[in-house]
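This report refers to the structure that appears directly beneath it.
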Amino acid sequence: MSQPARIWQQFAEADMAAAETLMHEGHRAHALVLLQQAIEKMLKALIVESGEQPPKIHSLIRLADLADMALTDVQRRLLHELSNLYVLLRYPEGYVEAAGGIDEATAEEYVSASREVMAWLREQLV
(Lines give C-alpha, C1' and ligand atoms only; values in the text may rest on other atoms or scores of the structure.)
Protein backbone atom coordinates (compact mmCIF):
# COMPACT_ATOMS: atom_id res chain seq x y z
CA MET A 1 0.00 0.00 0.00
CA SER A 2 1.27 3.46 -0.85
CA GLN A 3 2.13 5.94 1.88
CA PRO A 4 -0.66 8.40 0.89
CA ALA A 5 -3.26 5.60 1.03
CA ARG A 6 -1.88 4.47 4.39
CA ILE A 7 -2.30 8.00 5.77
CA TRP A 8 -5.94 8.13 4.62
CA GLN A 9 -6.51 4.72 6.19
CA GLN A 10 -4.97 5.81 9.50
CA PHE A 11 -7.28 8.83 9.60
CA ALA A 12 -10.25 6.55 8.81
CA GLU A 13 -9.34 4.10 11.57
CA ALA A 14 -8.92 6.95 14.07
CA ASP A 15 -12.36 8.33 13.16
CA MET A 16 -13.92 4.88 13.57
CA ALA A 17 -12.34 4.43 17.00
CA ALA A 18 -13.50 7.89 18.05
CA ALA A 19 -17.03 7.15 16.82
CA GLU A 20 -17.17 4.02 18.95
CA THR A 21 -15.86 5.91 21.99
CA LEU A 22 -18.46 8.64 21.51
CA MET A 23 -21.22 6.03 21.23
CA HIS A 24 -20.17 4.47 24.53
CA GLU A 25 -20.25 7.92 26.12
CA GLY A 26 -23.77 8.60 24.83
CA HIS A 27 -22.89 11.11 22.10
CA ARG A 28 -24.81 9.44 19.28
CA ALA A 29 -25.00 12.35 16.86
CA HIS A 30 -21.28 13.04 17.01
CA ALA A 31 -20.58 9.33 16.64
CA LEU A 32 -22.68 9.21 13.46
CA VAL A 33 -20.75 12.12 11.96
CA LEU A 34 -17.50 10.26 12.59
CA LEU A 35 -18.88 7.03 11.13
CA GLN A 36 -19.49 8.91 7.90
CA GLN A 37 -16.02 10.44 8.08
CA ALA A 38 -14.36 7.06 8.70
CA ILE A 39 -15.96 5.52 5.63
CA GLU A 40 -15.29 8.63 3.55
CA LYS A 41 -11.59 8.51 4.39
CA MET A 42 -11.33 4.78 3.75
CA LEU A 43 -12.91 5.31 0.32
CA LYS A 44 -10.44 8.12 -0.34
CA ALA A 45 -7.62 5.72 0.60
CA LEU A 46 -8.89 3.36 -2.09
CA ILE A 47 -9.07 6.17 -4.63
CA VAL A 48 -5.51 7.27 -3.79
CA GLU A 49 -4.28 3.69 -4.01
CA SER A 50 -5.72 3.48 -7.54
CA GLY A 51 -3.49 6.39 -8.53
CA GLU A 52 -6.15 9.10 -8.51
CA GLN A 53 -6.51 12.20 -6.35
CA PRO A 54 -9.71 12.02 -4.27
CA PRO A 55 -12.13 14.88 -4.79
CA LYS A 56 -13.05 17.13 -1.89
CA ILE A 57 -16.59 15.80 -1.60
CA HIS A 58 -18.49 14.04 1.16
CA SER A 59 -20.97 11.87 -0.75
CA LEU A 60 -20.11 8.30 0.16
CA ILE A 61 -22.01 6.95 -2.83
CA ARG A 62 -20.09 9.17 -5.23
CA LEU A 63 -16.78 8.24 -3.60
CA ALA A 64 -17.64 4.53 -3.72
CA ASP A 65 -18.43 4.89 -7.42
CA LEU A 66 -15.10 6.67 -8.01
CA ALA A 67 -13.32 3.89 -6.12
CA ASP A 68 -15.06 1.30 -8.31
CA MET A 69 -16.67 -0.42 -5.34
CA ALA A 70 -19.42 -2.90 -6.19
CA LEU A 71 -21.77 -2.07 -3.33
CA THR A 72 -24.60 -4.31 -2.23
CA ASP A 73 -28.01 -2.72 -1.85
CA VAL A 74 -27.57 -2.79 1.93
CA GLN A 75 -24.17 -1.07 1.72
CA ARG A 76 -25.49 1.51 -0.73
CA ARG A 77 -28.41 2.31 1.59
CA LEU A 78 -26.07 2.69 4.58
CA LEU A 79 -23.74 5.01 2.69
CA HIS A 80 -26.68 7.08 1.48
CA GLU A 81 -28.13 7.38 5.00
CA LEU A 82 -24.78 8.26 6.59
CA SER A 83 -24.15 10.92 3.94
CA ASN A 84 -27.55 12.47 4.62
CA LEU A 85 -27.04 12.37 8.39
CA TYR A 86 -23.60 13.94 7.99
CA VAL A 87 -25.15 16.96 6.30
CA LEU A 88 -28.06 17.23 8.74
CA LEU A 89 -25.93 16.87 11.86
CA ARG A 90 -23.56 19.67 10.86
CA TYR A 91 -26.22 22.37 11.32
CA PRO A 92 -28.24 23.29 14.42
CA GLU A 93 -31.69 22.74 12.90
CA GLY A 94 -30.69 19.45 11.32
CA TYR A 95 -28.93 18.34 14.47
CA VAL A 96 -32.05 18.75 16.55
CA GLU A 97 -34.22 17.04 13.91
CA ALA A 98 -31.88 14.12 13.21
CA ALA A 99 -30.48 13.55 16.70
CA GLY A 100 -33.93 13.49 18.23
CA GLY A 101 -35.01 10.73 15.88
CA ILE A 102 -32.06 8.44 16.44
CA ASP A 103 -32.41 6.24 19.48
CA GLU A 104 -29.59 4.20 20.95
CA ALA A 105 -30.58 0.97 19.20
CA THR A 106 -30.67 2.66 15.80
CA ALA A 107 -27.32 4.33 16.42
CA GLU A 108 -25.84 0.96 17.43
CA GLU A 109 -27.12 -0.52 14.17
CA TYR A 110 -25.31 2.23 12.26
CA VAL A 111 -22.11 1.47 14.20
CA SER A 112 -22.38 -2.25 13.55
CA ALA A 113 -23.10 -1.80 9.84
CA SER A 114 -20.28 0.72 9.56
CA ARG A 115 -17.85 -1.73 11.18
CA GLU A 116 -18.80 -4.27 8.52
CA VAL A 117 -18.31 -1.79 5.69
CA MET A 118 -14.98 -0.66 7.12
CA ALA A 119 -13.78 -4.28 7.33
CA TRP A 120 -14.85 -4.88 3.73
CA LEU A 121 -13.13 -1.71 2.52
CA ARG A 122 -9.99 -2.64 4.47
CA GLU A 123 -9.93 -5.96 2.58
CA GLN A 124 -10.18 -4.11 -0.73
CA LEU A 125 -7.27 -1.90 0.21
CA VAL A 126 -4.77 -4.68 0.87
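The values are calculated or read from the model by the stated rules, or taken from the named source; none is laboratory data. Just so you know, these numbers come straight off a predicted model, no measurement behind them. Cβ atoms come from the backbone with ideal geometry, glycine included; neighbour counts cover every protein chain shown.
Which pairs have Cβ atoms under 8 Å, sit 6 or more apart or on different chains, and link a residue in segment 108-122 that is closer than 12 Å to LEU79 by Cα and touching a residue at least 12 places away in the same chain (Cβ under 8 Å) to one that is β-branched (Val, Ile, Thr) and in a helix (DSSP H, G or I)? Within 8 Å, the pairs are ALA113/VAL74; SER114/ILE39; VAL117/ILE39; MET118/ILE39.
Kindly establish whether VAL87 is of a type in the set (Val, Ile, Thr) and at pLDDT 95 or above.
Taking the combined requirement at face value, the residue does not satisfy it.
Within segment 14-28, the set of residues being in contact (Cβ under 8 Å) with a residue 60 or more places away in the chain and closer than 22 Å to ILE57 by Cβ comprises MET16, ALA19.
Checked against the criterion of being crowded, with 19+ Cβ neighbours inside 10 Å and closer than 24 Å to GLU20 by Cα, segment 47-58 contains not a single residue that satisfies it.
Okay, residues lined up against (1) among the polar types (S, T, N, Q); (2) more than 10 Å from the chain's Cα centre (by Cα); (3) modelled with pLDDT of 95 or more:
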| residue | (1), (2), (3) |
| --- | --- |
| ILE7 | no, yes, yes |
| MET16 | no, no, yes |
| GLY26 | no, yes, no |
| LEU46 | no, yes, yes |
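Can you name the condition, by its number, that GLN75 falls short on among (1) within 26 Å of MET1 (Cβ to Cβ); (2) in contact with a Leu (Cβ under 9 Å, 6 or more places away or on another chain); (3) not hydrophobic (A, V, I, L, M, F, W, C)? All conditions are met except number (2). The set of residues from segment 37-90 being outside any helix (DSSP H, G or I), within 19 Å of TYR110 (Cβ to Cβ) and not hydrophobic (A, V, I, L, M, F, W, C) comprises HIS58, SER59, THR72, ARG90.
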